[in-house]
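A short worksheet on the structure shown next.
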Amino acid sequence: MKLEEFLRLNAPEDLAALTAAVAKASLEVWGSIPFKTGLLEETNPSGEAQKAIDVYSNDVFVEALIATGHAAEVASEEMEEPVESKGGVSVAMDPLDGSSNVETNNPLGSIFGFYSDRLPASGRRLAGALYVTYGASLTLTFSFGKGVHRFVALREGAGTSFQLFGVGLKLPEKPEVYGFGGSRSEWIPAVARFWDSFDGRGLRNRYCGTFVGDYNQVLARGGIFSYPALVKRPKGKLRVLYECAPMAYINEQAGGYASDGSGNVLDIEPRALAETSPLYIGSAGLVHEIEKSISPT
Ligand code: F6P
Ligand code: MN
């Protein structure tokens with residue numbers, strides 16, 4: 001089944017239009033990755049160096065989302081202020097996740113949260129979420145609150161279409177992989193201790209350095225991804241609105257759990273657009289375990 005038909009049957013009109021727009025724009029971003037890899041002189045609101053491809057993908061997605069007429073605003077990791085519009089859905093996005101991996105050709109991604117409230121808003125206000133992988137294949141993985149579904153981009157003659165690749169995706173029962181961002185020496189001690197236990201449980205360490213890529217393998221294999229609390233950065237690195245909550249929403253729809261170390265990531269009420277949080281996400285059992293070992297109360 002093609003994406004357009006699936007959306008017509010399974011999504012409200014606004015989310016269907018926004019998803020179709022992301023799908024089309026993602027092909028444009030993907031095609032441009034080899035050509036736009038020079039560092040710009042600018043920094044984004046979190047103080048990170050911006051690359052030409054970050055700015056380019058931001059602009060491509062903003063334009064595509066606004067053109068649907070369904071976006072109330074588009075907020076992005078790459079912009080200080082949201083772009084306002086007249087629709088009913090607030091979109092928060094990380095237009096190119098893991099862009100420090102451009103030179104090494106590791107997977108990259110894009111993340112979108114579709115919120116039914118003005119931003120910043122809690123993950124409980126998500127009506128849907130979606131992520132794109134630019135890996136060996138370009139895939140779209142999304143949920144509108146009724147399971148997690150995946151489409152893959154396939155070339156057809158001169159064009160490309162998105163074909164159904166998985167319906168009702170669930171995390172496997174038995175967790176197999178783990179991947180943690182940052183360095184062990186920077187993590188809070190409870191996280192480092194928990195990490196040491198993985199070896200003895202038969203889990204394998206798999207880390208590519210792009211949140212979307214690292215989470216995507218957790219969804220396929222079971223396990224846990226974390227960008228944990230650091231001693232010098234207790235609120236971690238990943239942004240609640242653009243990264244943590246949309247992925248937590250998809251993960252929950254796939255039967256998993258995402259914690260900030262003390263509770264459900266979806267319950268965080270961010271006060272600023274770029275607010276960060278520690279993130280522990282993946283198989284419910286493992287994430288509850290690490291949450292308990294970090295905050296034993
Ligand atoms: O968006 C931030 C990000 O690029 C994530 O994709 C990734 O998980 C993380 O940074 C990697 O950070 P580090 O290089 O500190 O492990
Ligand atoms: Mn990111």
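The values are calculated or read from the model by the stated rules, or taken from the named source; none is laboratory data. This is a predicted model, so every value here is computed, not measured. Cβ placement follows ideal geometry from the backbone for every residue including glycine, while neighbour counts extend to all protein chains displayed. All accessible areas refer to the heavy atoms of the entire protein, side chains included, with ligands and DNA or RNA removed. Shrake-Rupley method; radii C 1.70, N 1.55, O 1.52, S 1.80 Å.
Descriptive notes on the structure:
- Gain on full stretching of the segment that runs from SER293 to THR160 - 0.36 nm per residue minus C-alpha separation: 43.2 nm
- Among 156-162, 116-122, 146-152, the peptide with the highest mean count of other Cβ atoms within 10 Å heads the list, and the full ranking is 146-152, 116-122, 156-162.
- Solution diffusion estimate, µm²/s, Stokes-Einstein, the range 115-246, Kirkwood Rh from C-alpha pairs, 10 °C, viscosity 1.306 mPa s: 95 µm²/s
- Theoretical FRET efficiency, 1/(1+(r/R0)^6), r = Cβ-Cβ of LYS86 and SER137, R0 25 Å, to 0.05: 0.10
- Available extension along the chain between SER183 and TYR207 is 7.4 nm, counting 0.36 nm per residue and deducting the alpha carbon span.
- Computed lengthening from ASP117 to GLU63, 0.36 nm per intervening residue step minus Cα-Cα distance: 17.4 nm
- Per residue, the chain reaches -8500 deg cm²/dmol at 222 nm when only DSSP H runs of four or more residues are counted, each adding -39500 (n - 2.57).
- Between the residues SER161, ASN101, PRO172, the greatest Cα displacement towards the positive end of the dipole of the range 99-208, with unit charges on the Cβ of Lys, Arg, Asp and Glu, is found for PRO172.
- Protection proxy ranking of 201-209, 48-56, 177-185 - average other beta-carbon atoms within 10 Å, highest first: 48-56, 177-185, 201-209
- Over 32 Å apart at the Cα level, from the set LYS86/LYS232; LYS170/LYS232; LYS86/LYS170; LYS146/LYS292; LYS146/LYS174, are LYS86/LYS232; LYS170/LYS232; LYS86/LYS170.
- Remark: the range 110-254 carries 40 Å² of accessible area per residue (probe radius 1.4 Å; ligands, DNA and RNA excluded).
- Within the listed set VAL74, VAL60, VAL29, the Gaussian network model of the chain (springs between alpha-carbon atoms below 10 Å) gives the highest mean-square fluctuation for VAL60.
- Mean projected area of the Cα convex hull of the chain, taken over all directions, amounts to 14.8 nm².
- Carbon plus sulfur fraction of accessible area for the chain, probe 1.4 Å, in percent: 50 percent
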